[in-house]
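To start, the structure under review is shown below, and the notes come after it.
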Amino acid sequence: MALGSLRGAAGVFRLCRTAGRLTGVRFSSQTEPEPLTVTHQNQGIRRIVLNNPRKRNALSLSMLESLRENIMADVDSDHLRVIIISAKGPVFSSGHDLKELTSTQGRDYHTKVFHTCSEVMTLIQDIPVPVIAMVNGVATAAGCQLVASCDVAVATDKSTFATPGVNVGLFCSTPAVALGRAVPKKVAMEMLFTGTPISAHDALLHGLVSKVVPEERLEEETLAIAQRVCRASRPVVALGKATFQRQMAQGRDAAYATASQVMVDNLALRDGQEGIRAFIEKRAPVWSHKAEKAHD
């Protein structure tokens, strides 16, 4: 059932109570309330949709808080295996809502906006399941930051990416944290200094996205990646994701020391041993999806 087709808060809350798999619904202050985000989980795949196309899916404080709730809901459940973040409308996300960044709101409010945004971006990389961005359209400023923060990003060939804050007097310093870790330094600096958008194919060339597909294949290709993730052991994927993030921040020798120890830890997992036995016995593995040890 498409939550976005419902009208009125009462209908939405009834659905939340009965479906059991919908979480983190927040509403914008429109005459007919619409959820800022829509989320649904099925067969291990959680779909989170930015649902404010009238405002170009701007990452307002309310949108960020809703997204944070969607990401964190039952995040340690064995039933959650992967998260897909997409958006309704022709704009994936235009970044922060500039109306929230005027002097009227004041410094404390501004601090809260950027703190919450940074928290959401780091959560994406710190939670134990992979997060995939499914991008069809424009991703600018903090919207581009959101794409860069995800573990995997699939985009349509009509999508574009930019960090244009410099053109409105607000340099994209926080988007630069994620962007500068996703693309080469000189590419990031050109995007930040000029605000000029890059195409999906250039984003693929520079490593901002993982795959570029025609619009009609976006859903299929993204779900195919998510389903492949679901076929692996949850604790093995979680351990691998955490280790990747950790070793990327280290020098070469420290990274090898970290990764080598984690390989030993991985072998001690019940699912680690099950995978090896299944390979030797020429059968499909039967994962427990539990972080239980086979040996010390």
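The values are calculated or read from the model by the stated rules, or taken from the named source; none is laboratory data. Note that the coordinates shown come from a computational prediction; the quantities given were computed from them, not determined experimentally. Note that we place each Cβ from the backbone using ideal geometry, even for glycine, and neighbour counts take in every protein chain shown. Just the protein is used for accessible areas: all its heavy atoms, side chains included, with ligands, DNA and RNA removed. Shrake-Rupley method; radii C 1.70, N 1.55, O 1.52, S 1.80 Å.
General remarks:
- ³J(HN,Hα) computed for each position of region 83-100 - Karplus, 6.51 cos²θ - 1.76 cosθ + 1.60, integer Hz, glycine/proline x: 10, 10, 10, 9, 8, 8, x, x, 10, 4, 6, 8, x, 4, 7, 5, 5, 7
- Within region 135-239, antiparallel bridges make up roughly 20 percent of the DSSP beta bridges whose residues both belong there.
- Length released on extending from V177 to L123, taking residue separation times 0.36 nm less the Cα-Cα span: 18.0 nm
- Percent of beta bridges antiparallel (DSSP, the chain, rounded to nearest 5): 30
- Calculated SAXS-style log₁₀ I(q)/I(0) at q = 0.07, 0.13 Å⁻¹ - the chain, Debye, Cα scatterers: -0.29, -0.96
- For A294, neighbours were defined as the other residues whose beta-carbon sits under 12 Å from its Cβ, and their charges (Lys and Arg +1, Asp and Glu -1) total -1.
- Proximal charge balance of R270 [Cβ under 14 Å; K/R count +1, D/E count -1]: -2
- In sequence order, calculated HN-Hα J values of region 171-180 (Karplus, 6.51, -1.76, 1.60; Hz; x Gly/Pro): 4, 7, 6, 6, x, 5, 4, 6, 4, x
- Long pairs among K158/K185; K99/K185; K99/K186, criterion Cα-Cα beyond 29 Å: K99/K185; K99/K186
- For Q41, residues with placed amide H under 5 Å, excluding near neighbours: R47
- FRET efficiency for R277 and E215, using Cβ-Cβ distance with R0 set to 41 Å, rounded to 0.05: 0.40
- In order through region 136-141: 3J(HN,Hα) via Karplus (6.51 cos²θ - 1.76 cosθ + 1.60), integer Hz, x for Gly, Pro: 9, x, 8, 10, 10, 6
- Counting 0.36 nm for each residue step from R107 to V75 and taking away their Cα separation leaves a gain of 8.3 nm.
- Each part reduced to its alpha carbon centroid, region 252-285 and region 194-234 end up 28 Å apart.
- Accessible area of the chain belonging to carbon and sulfur atoms, whole % at 1.4 Å probe: 55
- Estimated 222 nm signal from helices in the chain, with DSSP H stretches of n ≥ 4 weighted -39500 (n - 2.57), rounded to 500: -13500 deg cm²/dmol
- Computed with a 1.4 Å probe over protein heavy atoms only, the accessible surface of the chain comes to 51 Å² per residue.
- Each Lys or Arg adds one and each Asp or Glu takes one away; over the other residues whose Cβ falls under 12 Å from the Cβ of A226, this sums to +1.
- Given R0 = 41 Å, the distance between the Cβ atoms of K99 and H201 translates into a calculated FRET efficiency of 0.80.
- Think of each Lys and Arg Cβ as +1 and each Asp and Glu Cβ as -1; about the Cα centre, that makes the dipole of region 223-286 roughly 240 debye.
- Spin-label zone in region 266-291 - amide nitrogen under 16 Å from a point set 7 Å from the Cα of A259 along the C-beta vector: 266-267
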